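Novice: If you scroll down you'll find the structure; I have some questions about it.
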Amino acid sequence: MNVELQRYELLANPNPSKPIKSKAPAISETLSGLSQRLKKAREQLANQPEASPAVVQQVFQATLADIETSKAQIDERLKETHASGTKIGKLIDKVGHVHRTT
């Protein structure tokens, strides 16, 4: 149970002290990267006030793709965190059941 508790703490921590094997990066990393990409897109459009509609559309589509990718990464990390929490709950129930029957 200690291993699962440690895993849960690392998954749920926005800035884990050590990296954890996960399908997705930490949520804070995902949001930080998205923030940087959004700022870059804003600067790109601000620096090209006479940009053609095609260029603007291209920037918006790339930004939308970045948002969707980030959302998927966050969803994956939250699923992992939820699964770990569920395992902890089941372990607690199992331990509680053993203590009640003895």
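The values are calculated or read from the model by the stated rules, or taken from the named source; none is laboratory data. Predicted model, so just to flag it, every value in this text is computed and none were measured. Glycine also receives a Cβ, built like all others from the backbone with ideal geometry; neighbour counts cover every protein chain displayed. Accessible surface areas use protein heavy atoms only, side chains included; no ligands, DNA or RNA. Shrake-Rupley method; radii C 1.70, N 1.55, O 1.52, S 1.80 Å.
Novice: Residue under question is Glu80, and the condition is that it be of a type in the set (D, E, K, R) and open to solvent by less than 50 Å² (accessible area, probe 1.4 Å); does it hold?
Specialist: Numbers: of a type in the set (D, E, K, R): yes; open to solvent by less than 50 Å² (accessible area, probe 1.4 Å): yes.
In short, yes.
Novice: Next question. Which of the residues spanning segment 43-71 are under 14 Å from Ile27 (Cβ atoms) and open to solvent by 60 Å² or more (accessible area, probe 1.4 Å)?
Specialist: Matches in segment 43-71: Thr69, Lys71.
Novice: Follow-up question, since we're still on this one. Is it the case, given these coordinates, that Glu4 is more than 16 Å from the chain's Cα centre (by Cα), more than 23 Å from Gly89 (Cα to Cα) and either surrounded by 14 or more Cβ atoms within 10 Å (Cβ to Cβ) or without any contact (Cβ under 8 Å) to a residue 60 or more places away in the chain (or both)?
Specialist: The answer is no for Glu4.
Novice: Are any residues in segment 60-102 within 24 Å of Gln6 (Cα to Cα) and of a type in the set (Lys, Arg), and if so, which ones?
Specialist: Matches in segment 60-102: Arg77, Lys79, Lys87, Lys90, Lys94.
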